[in-house]
1. Provide the FRET efficiency to the nearest 0.05 for the residue 83-residue 178 pair, computing r from the beta carbons and using R0 = 25 Å.
2. What's the carbon and sulfur percent of region 47-170's accessible surface, probe 1.4 angstrom, rounded to a whole number?
3. Roughly how many nanometres apart are two label points built 7 Å out from the Cα toward the Cβ at residue 110 and residue 145?
4. Where does the chain land at 222 nm, in deg cm²/dmol rounded to the nearest 500, when only DSSP H runs of n ≥ 4 count, each adding -39500 (n - 2.57), divided by all residues?
5. Over region 203-293, with every protein chain in place, what whole percent of the accessible area is carbon and sulfur at 1.4 Å, could you tell me?
6. Per the Cauchy relation, a quarter of the hull surface: what is the mean projected area of the convex hull of the alpha carbons in the chain, in nm²?
7. Would you list the P(r) distribution for region 217-293, with all Cα-Cα distances sorted into 10 Å bins from 0 and each bin expressed as a whole %?
8. Which value, in Å² and to the nearest 10, is the accessible area of residue 106 when all protein chains are kept and the probe is 1.4 Å?
Amino acid sequence: MPHKAGFVNIIGNPNVGKSTLMNAFVGEKLSIITSKAQTTRHRILGIVNGDDFQVIFSDTPGIIKPAYELQESMMGFVKSAFEDADVLVYLVEVGEQALKDEDFFKKITHSRIPVLLLINKIDLSHQEQLESQVAFWTKKVPNAEVIPISAREGFHVKEVFDRIIELLPESPPFYPKDQLTDKPERFFINETIREKILLHYKKEIPYSVEVDTDSFLEEDHIIRVRSVIMVERDTQKGIIIGHKGSALKRVGVEARKDLEQFFGKQIHLELYVKVNKNWRSNPNQLKRFGYNQ
């Protein structure tokens, strides 16, 4: 049989379930998931291989109107998703009406590549509402195939995957067949720590944080990691650490458990907190953390 391969890029508003969907396709937790908007900051690839196919899924940040340099960079990742896609997955949730950026929406409706418009979270809807949503989106994006799904419950995920395989062009694989993602180990350590911060801290704190792993030493039965949590102000540093270090310890314990499951090895994790003023608006700092590239 001919071999198929291609890029399937997932876009949509914040919190519609893009990361949950990609993790469901890949079968691994590559993208962190929280209930907060802007959880995903980078474009993350998840690679699924079969004997006669390779699907490169791409999770992207939720589409927003940028307010500062970091968000501009995040939207740059979304724009790049339009440039190399062989199949575009536009994910919406039940009750949604439009993208937060009209320019992106026009790109979808004028796309020359196949578009799958997936209505997510149908486990939270009823039949009449779902039928109304399918009719609404079929009319609004006539160039798309509209498919109701539940990424969390796995409803119709396999059917969508099979349809994606049908739509992919014939091509040799782009990556080695045993490769799962394009990101290095340190990226997933940083993201796992950042996920715990998103879960346990409120207001502006999670959005002022970046994580940098400056030491990764892998031994036979243990990985020794040293990571630095960057914040923008001294007051944020105190909040991250908490009373007698209790808040930081909780982040470390939870992150370590997830990382041990991810790597299949014991993890020794050291966490530190450092003030890096206004890093979200500093082009040099953003480049250092993998943005603005």
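1. 0.40
2. Details: 2900 of 5910 Å².
In region 47-170, the share of accessible area belonging to carbon and sulfur is 49 percent.
3. Modelled inter-label distance: 2.5 nm.
4. Details: 9 runs with 105 residues, N = 293.
The helix-only estimate for the chain comes to -11000 deg cm²/dmol at 222 nm.
5. Working: 2450 of 5240 Å².
The C+S portion of the solvent-accessible surface of region 203-293 is 47 percent.
6. 16.2
7. 17, 37, 34, 12, 0
8. 110
The values are calculated or read from the model by the stated rules, or taken from the named source; none is laboratory data. The structure displayed is predicted, hence computed values, not measured ones. In this analysis, Cβ positions are derived from the backbone assuming ideal geometry, glycine residues included, and neighbour counts consider all displayed protein chains. These area figures cover heavy atoms from the full protein model, side chains too; ligands, DNA and RNA do not enter into them. Shrake-Rupley method; radii C 1.70, N 1.55, O 1.52, S 1.80 Å.
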